[in-house]
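Report on one structure; see the data block that follows.
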Amino acid sequence: MSVKKAFQQLKSALTSTPVLAYPLPNLPFILDTDASDKAVGAVLSQIQDGLERVIAYMSKSMNIHEQAYCVTRKELLAVIIALKTFHHYLYGQEVLLRTDNAAVSWMKNLKKPTGQTARWLEELGTYNLTVTHRAGRKHSNADALSRRPCKSCERQESGNHTSDDETDEIQLEETDFVNQELHENEEPTPRIEIVRVCTRSQTGNQSSATPSGYCIDGWDPDSIRQCQLEDPDMSLIVTYLQEKKNKPDWDQVSKGTSFQKTIWRQWDRLTINNGMLYRKFYCSDKDDVDNFKLQLLVPKSHQKTVFKYFHDVPSAGHLGPDKMLSRIQQLFYWPAMKRSITRYCKECDQCAARKSLKRNKAPLGQYLVGEPMERVAIDILGPLPLTKRQNRYVLVLCDCFSKWTEAYAIPDQESLTIARTIVNEFICRFGSPLQLHSDQGRSFEAKLFQDLCDLLKIDKTRSTSQHPQSNGSVERFNRTLLSMLTFYCQNDQRNWDEILPQVMMAYRSSVHASTGQTPNMMMFGRNVFLPMEAVIPRPDGPNESTSLKQINM
């Protein structure tokens, strides 16, 4: 009864005063505007049938630069934003502008306005305005809208509200983190900043880059067993298998969900291990019955956790759906898994904010290599924000055969620093490459670097000037690396070198489009043990599949 009563009260409130009215073009409009320290508000109304009826409301927050305006400029800013918002109502109509700041009323009388004030006054001149002052105690309608900006409203906009000729001037000042991507046909920029992607609904909730982000509750064997039994789609199947019953008839599942029908068709691949439901995943040839992995069937209650730890955390790297699918299916399964993974990636706000426009280009030729370390591409990414460890650049080395990539944070791009890093960090672990390919950067053309290559019998090659496409593998990786670092940098952007090893782990453990295998598999013949694998239940006994059988050369 209380719900019905509340609904009737809501209907009554919507169909009685106050309620928004339709605008009447034959009547003058009333525009009330006000500004506070952080937002502006406005109310558009008309006198209809002797009553002041509201036509529309407006409330918008100011950016950090607009918040520094003086009181008079803020009040005038509120007028400008309101006129732009209600332009389709007000243009060519008589408008009574009411404001609680007396200074606005005499702004039109300035003899020699300059700069921003002159542009704003010019815009005011396009409207038929009559400006009047109203005391603050009578101006509560617009005042309330300026003091409580609606952060969750889709019409709430925080950004530039200035005229078009000033937009470019303020845009660079307003943005704390500048997003500069390297495009092949553009001139190189002197500095690259890492973008902090943060939507309105996620303000201050950046992805955690700390080890505590890997602590997962509810993934112990007892919890998994309980969740599988409580899942309405899985409980019947688990019960049948635990009791060692035969495959149920189609009549028993025909009226069930698509999940149950899909699992029913794969009945011979289902098994119970340690009280949990698994599915056999054949890694390569289906005729090879011994080459399979056991995939844990994930209840719906746990699927979001899988998405988070295979997409959002630093060791996942916010990579695309194909790479995400190839990693998840090594451990988990549920019907329509590819579709749900694709949808999750499309709905990721941070990925959408970083996604660049797809440009059609002519196909690139491929440089043929026959083994790891035959040809290694090298490049320097930066300058990036100076870290607490005084690092500003990233030295990138990419093996053209296996796509194994190393990235080292370095303080400068001097040839001595680069040569020392290559010898101590790369060559001492992987050996000397037969060929080293770079652009014509000053660091790679220095005599010290040339002497190093001569000493180690390395064939040094270089790309054509102003043509980075000939070093495309490492250039493309630089864009991927910037994108991954973007998601996990803190506000001061001084910890990217601490996150660098984790995102490199994500890259090397994901399937590369060129090879169809992970760089780990191509370089070492096996995949690495991921953090997620340490916390999920594992099947009893040795894993039936072997890493060598997964290589499909």
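The values are calculated or read from the model by the stated rules, or taken from the named source; none is laboratory data. Bear in mind the structure is a predicted one, so any value in this text is a computation, not a measurement. Using ideal geometry, Cβ is built from the backbone for each residue, glycine included, and neighbour counts are taken over all protein chains shown.
Numbers for the structure displayed
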item: Restricting segment 474-521 to residues that are over 18 Å from residue 382 (Cα atoms) and among the aliphatic types (A, V, I, L, M), the residue that is surrounded by the fewest Cβ atoms within 10 Å (Cβ to Cβ); result: 513
item: Unmet requirement for residue 432, which otherwise passes all of (1) part of a loop (DSSP other than H, G, I, E, B); (2) in contact with a helix residue (DSSP H, G or I) (Cβ under 8 Å, 6 or more places away or on another chain); result: (2)
item: Positions within segment 27-63 being touching a Ser or Thr at 6+ places or on another chain (Cβ under 7 Å) and acidic (Asp, Glu), in sequence order; result: 34, 52
item: Condition check for residue 280: closer than 30 Å to residue 498 by Cα and either modelled with pLDDT under 80 or among the basic types (Lys, Arg) (or both); result: no
item: Qualifying helices (runs of 4 or more DSSP H) (wholly inside segment 315-410; at least 1 residues being hydroxyl-bearing (Ser, Thr, Tyr)); result: 321-328, 337-346
item: Sole exception among (1) surrounded by fewer than 18 Cβ atoms within 10 Å (Cβ to Cβ); (2) modelled with pLDDT of 90 or more for residue 366, by number; result: (2)
item: Yes/no for residue 301 being surrounded by fewer than 15 Cβ atoms within 10 Å (Cβ to Cβ), outside any strand (DSSP E or B) and either within 31 Å of the chain's Cα centre (by Cα) or basic (Lys, Arg) (or both); result: yes
item: Matching entry among 315, 301 (being at pLDDT below 85 and closer than 15 Å to residue 533 by Cα); result: 315
item: Selected residue (criterion: farthest from the chain's Cα centre (by Cα)) from residues of segment 229-268 that are farther than 19 Å from residue 339 by Cα, exposed (fewer than 11 other Cβ atoms within 10 Å of the Cβ) and among the polar types (S, T, N, Q); result: 246
item: Counted residues, segment 304-338 - those being surrounded by fewer than 19 Cβ atoms within 10 Å (Cβ to Cβ), within 20 Å of the chain's Cα centre (by Cα) and under 20 Å from residue 232 (Cβ atoms); result: 2
item: Output for segment 54-85, where each listed residue is in a strand (DSSP E or B) and buried (at least 19 other Cβ atoms within 10 Å of the Cβ); result: 55, 58, 59, 60, 61
item: Any pair with Cβ under 6 angstrom, 6 or more apart, that starts in segment 75-87 at a residue that is touching a residue at least 60 places away in the same chain (Cβ under 8 Å) and assigned by TED's automatic domain parsing to the domain that holds residue 34 and ends at one that is surrounded by fewer than 23 Cβ atoms within 10 Å (Cβ to Cβ) and not hydrophobic (A, V, I, L, M, F, W, C); result: 81/161
item: Residue count, segment 213-225 (criterion: hydroxyl-bearing (Ser, Thr, Tyr) and at pLDDT 80 or above); result: 1
item: Where a residue in segment 226-254 is modelled with pLDDT of 75 or more and its partner, wherever it lies, is part of a loop (DSSP other than H, G, I, E, B), with Cβ under 6 Å and at least six apart; result: 227/299; 228/234; 228/299; 231/299; 233/257
item: Candidates 104, 40 - the one that is in contact with a Leu (Cβ under 8 Å, 6 or more places away or on another chain) and in contact (Cβ under 8 Å) with a residue 40 or more places away in the chain; result: 40
item: Options 430, 444: the member that is surrounded by fewer than 20 Cβ atoms within 10 Å (Cβ to Cβ) and either of a type in the set (Asp, Glu) or under 35 Å from the mean Cα position of the chain (by Cα) (or both); result: 430
item: Among residues of segment 520-535, those that are over 13 Å from residue 502 (Cα atoms) and either in a helix (DSSP H, G or I) or among the aromatic types (Phe, Trp, Tyr) (or both), counted; result: 9
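The rows are residues; the columns are (1) on the phi > 0 side of the Ramachandran plot; (2) touching a residue at least 40 places away in the same chain (Cβ under 8 Å).
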position	(1), (2)
429	no, no
457	yes, no
465	no, no
470	no, no
482	no, yes
487	no, yes
